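Worksheet: one structure, shown below.
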Amino acid sequence: RRVHGDFFLISIMSASKKPSEYIKLIASDGHVFHCSRRAALVSGTIRSLLSGPVEFAEMESGEVDVSEVTSAVLEKVIKFWHYKLRYNGSSENVPDFKIEPENVLDLLMAANFLDT
């Protein structure tokens with residue numbers, strides 16, 4: 001019973017801890033990006049890791065290893081998350097999100113992995 005009681009107290013303490021406004025994303029080449037949590041939650045994969053019903057280590061650390069994605073591609077994905085936050089549901093004239101043709105396949109694979 002004592003262990004169960006301690007577990008309950010630890011769970012309450014963890015649940016009451018406010019998550020950071022920024023998270024750390026680590027690309028396959030080791031480059032680290034600090035991204036707003038709000039923008040990163042555009043990704044279904046990251047949303048599941050950071051706020052899903054199961055407590056992943058990423059939820060506690062605020063750090064996500066995106067070893068399947070290079071830093072150049074991850075940088076473009078982060079820009080897209082911010083673009084989507086800015087223009088999603090907007091009634092104003094939405095500019096195109098420019099993607100260089102040579103990066104289309106890598107971005108498509110990253111978008112699929114990140115559920116973006």
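What the table below lists for this structure:
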{"read-out": "Conditions (1) open to solvent by 10 Å² or more (accessible area, probe 1.4 Å); (2) in contact with a helix residue (DSSP H, G or I) (Cβ under 9 Å, 6 or more places away or on another chain); (3) in contact (Cβ under 8 Å) with a residue 12 or more places away in the chain: number failed by LEU41", "value": "(3)"}
{"read-out": "Hits in the range 72-91 - residues which are under 15 Å from the mean Cα position of the chain (by Cα), among the charged types (D, E, K, R) and farther than 17 Å from VAL104 by Cα", "value": "LYS84"}
{"read-out": "Flag if LYS84 is surrounded by fewer than 16 Cβ atoms within 10 Å (Cβ to Cβ) and assigned to a loop (DSSP other than H, G, I, E, B)", "value": "no"}
{"read-out": "Complete set of residues in the range 51-74 that are in contact with a strand residue (DSSP E or B) (Cβ under 7 Å, 6 or more places away or on another chain) and part of a helix (DSSP H, G or I)", "value": "GLU58, SER71, LEU74"}
{"read-out": "Scope the range 52-71; condition surrounded by fewer than 18 Cβ atoms within 10 Å (Cβ to Cβ), touching a Phe, Trp or Tyr at 6+ places or on another chain (Cβ under 9 Å) and within 18 Å of ALA110 (Cβ to Cβ); matching residues", "value": "GLU68, SER71"}
{"read-out": "Residue among LEU74, LEU49, LEU25 that is modelled with pLDDT under 90, buried (at least 17 other Cβ atoms within 10 Å of the Cβ), of a type outside the set (Val, Ile, Thr) and closer than 15 Å to ASP115 by Cβ", "value": "LEU49"}
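The values are calculated or read from the model by the stated rules, or taken from the named source; none is laboratory data. Small disclaimer: the values here were computed from a predicted structure and weren't measured. Heads up, the Cβs are rebuilt from the backbone with ideal geometry, glycines too, and the neighbour counts pull from every protein chain shown. Each accessible area value is taken on the protein alone, full model and side chains, heavy atoms only, with ligands, DNA and RNA left out. Shrake-Rupley method; radii C 1.70, N 1.55, O 1.52, S 1.80 Å.
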